[in-house]
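Nothing in this text is a laboratory measurement; each read-out follows from the coordinates by a stated rule. Predicted model only: the values in this text are computed from it and were never measured. Here the Cβ positions follow ideal geometry from the backbone for every residue, glycine too, while neighbour counts run over all protein chains shown.
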Amino acid sequence: MFNHNSALEINYLTVTQLNYYLKNLIETDNFLQALYLKGEISNFSRSALGHYYFVLKDQQSRINCVMFNNQNSILKFNLENGMKVLASGQISIYEKHGQYQLKVLELKPEGLGELYLAYLQLKEKLAKEGLFDAKYKKKIPFLPLRIGVITSLYGAALYDIITTLKKRNSAVKIIVCEAQVQGEEAPLSIVKAIENLNRYQELDLIIAGRGGGSFEELSAFNDERVARAIFASHIPIISAVGHEIDFTIADLAADLRAPTPTAGAELALPVKEELLKHLNILRERAKLALKNKLDNEKRYLKLIQNKGILKDPYLLVQNLSLDLDNLIKELKFLINKNITEYTNKLSYLLNHLKALSPLNILNRGYALALKLPQEKIIKSIEELKEKDLLKILLKDGKVICEIKELMK
């Protein structure tokens, strides 16, 4: 107990010293440096530097957690609030605030495998973006002559695909582009193979795939980069991955999904013999259709041959001659009618013009005075002066005179 009267000298610690002491105490405890916790994530956030901050909680307690970017960068799934996880890490103290926290080194989803959770999250993300929509699927050509194959050179899938394609049509040209189909470098290898084949303009179709394996072994075809490369390809792609029960992100992004590599080759190319058989059937149908068409035309020809005009073509000329006579009569009638109408109209207009003509006034004893040399009609004495020449129009002639005197 503290005694004010004690002569002993007391050594007071600073807060920083205490936090530093506790930090060293905790971080040298073997138990606290190898903790395995399970709980539910809440208050998740990501800093500008890429560090993860969240709370790990159960029904009664909680602990603050940090997962630095060099650790969280290897996670194959995204953290979400409400997710139940298994965490391993170390207890540390953030000296500045005097708060202890769990420094997370590894994180796994509880109940679901890490790869499977990443698969579900990526599937949901790409589906929302429309990468799986049917409207973006490219049509698989009916009879491709040049087919690219993306797979490992050392797997059975390549043999199955080539054997099946050649068996179905020996004339098909196959271009193999090697790619790793398993391991960390496999996704980038598949993406490069897709891009390389897209530069080869003569290809009609691409088959990308591999043989069966575990979910982890097929993870390259559940990679976002591979899905986007398949979606961006201008050449149609058939995804042929694994066995019947295997379903990958690449299958969803591809233009057509095949359950196995062999099935991919079968979907890509029809059997040559079956095509020839089908062509023979079509040829026989065409012959029959042509024969029926000719028979119908022959019957129609016989039918019209019995008509009167074909028996006596001159009847057609006679009928046309009668029609021509009628047309000539109608034309003459219309011409005469129009001439009469226009003649009457012209007479009416001439009489009307005569009634309005100033020359008509001369017949009643009037004269018309025009000033020379312009022959301008005189309307007022103000327009004249002495010695101007005038032309006087009378009903039976004209008089040229000179003005001697003007009187108003």
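Here is how the numbers come out for the structure above:
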| quantity | calculated |
| --- | --- |
| Segment 1-80-segment 213-292 distance, computed between alpha-carbon centres (Å) | 55 Å |
| Whole-number percent relative contact order across the chain, with pairs defined as alpha carbons under 8 Å at least 6 apart | 9 percent |
| Rounded Å value of the spacing that divides the Cα centres of segment 380-408 and segment 113-181 | 114 Å |
| Cβ-Cβ FRET estimate between LEU49 and LYS192, R0 fixed at 45 Å, reported to 0.05 | 0.90 |
| Alpha-carbon radius of gyration plus Dmax, which is the widest Cα pair, for segment 361-402 in Å | 10.4, 29 |
| Most fluctuating residue given options LEU205, LEU389, LEU75, as computed from a GNM of the chain linking Cα atoms under 10 Å | LEU389 |
| Residue of LYS84, LYS192, LYS293 that the Gaussian network model of the chain assigns the largest fluctuation, springs spanning Cα pairs under 10 Å | LYS293 |
| Among beta bridges that DSSP assigns inside the chain, antiparallel share in %, nearest 5 | 65 percent |
| Burial order of peptide ranges 146-154, 270-278 (average beta-carbon count within 10 Å, highest first) | 146-154, 270-278 |
| Linear extension gain, GLU297 paired with ASN72, 0.36 nm per residue minus alpha-carbon span | 72.9 nm |
| Sorted by Cβ neighbour density within 10 Å, fewest at the top, the residues HIS51, HIS243 | HIS243, HIS51 |
| Orientation-averaged projected area, Cα convex hull of the chain (nm²) | 70.3 nm² |
| C-alpha long axis of helix 15-27 to longest principal axis of the chain, angle in ° | 80 degrees |
| Neighbour net charge for ALA369 - beta-carbon separation under 11 angstrom, K R +1, D E -1 | +2 |
| Estimated Rh, segment 236-290: Kirkwood, alpha-carbon pairs, angstrom | 13.2 Å |
| Net lengthening on full extension, ILE392/LEU13 (0.36 nm per residue, minus Cα-Cα) | 122.0 nm |
| Residues ASP204, ASP388 arranged by fewest to most Cβ contacts within 10 Å | ASP388, ASP204 |
| Which of VAL66, VAL241 has the fewest Cβ neighbours within 10 Å, and the rest in rising order | VAL66, VAL241 |
| Residue-averaged [θ]222 nm for the chain, counting only DSSP H segments that reach four residues, each worth -39500 (n - 2.57) | -13000 deg cm²/dmol |
| Segment GLN305-LEU35, extension gain: residue separation times 0.36 nm, minus the distance between their alpha carbons | 86.7 nm |
| Rg and Dmax [Cα atoms of segment 1-93; Å; Rg one decimal, Dmax integer] | 18.8, 64 |
| Rounded to 10°, Cα long-axis angle of helix 186-199 versus longest principal axis of the chain | 20 degrees |
| By average C-beta atoms within 10 angstrom, highest first, the peptides 8-21, 158-171, 368-381 | 158-171, 368-381, 8-21 |
| Rel. contact order, % - alpha carbon contacts under 8 angstrom, at least six apart, segment 1-138 | 22 percent |
| Cα-based helix-to-principal-axis angle, 156-168 vs the chain, degrees rounded to 10 | 30 degrees |
| Distance in nm between pseudo-label sites at LYS287 and HIS234 (7 Å out along the Cβ direction from Cα) | 4.4 nm |
| Label zone at LYS173, where the point sits 7 Å out along the Cα-to-Cβ direction: segment 115-153 residues whose backbone N lies under 19 Å | 141-150 |
| Cβ-defined net charge surrounding LEU86, 9 Å radius [Lys, Arg +1; Asp, Glu -1] | +1 |
| Range of Cα positions in segment 195-262 per principal axis (Å), largest first | 35, 25, 16 |
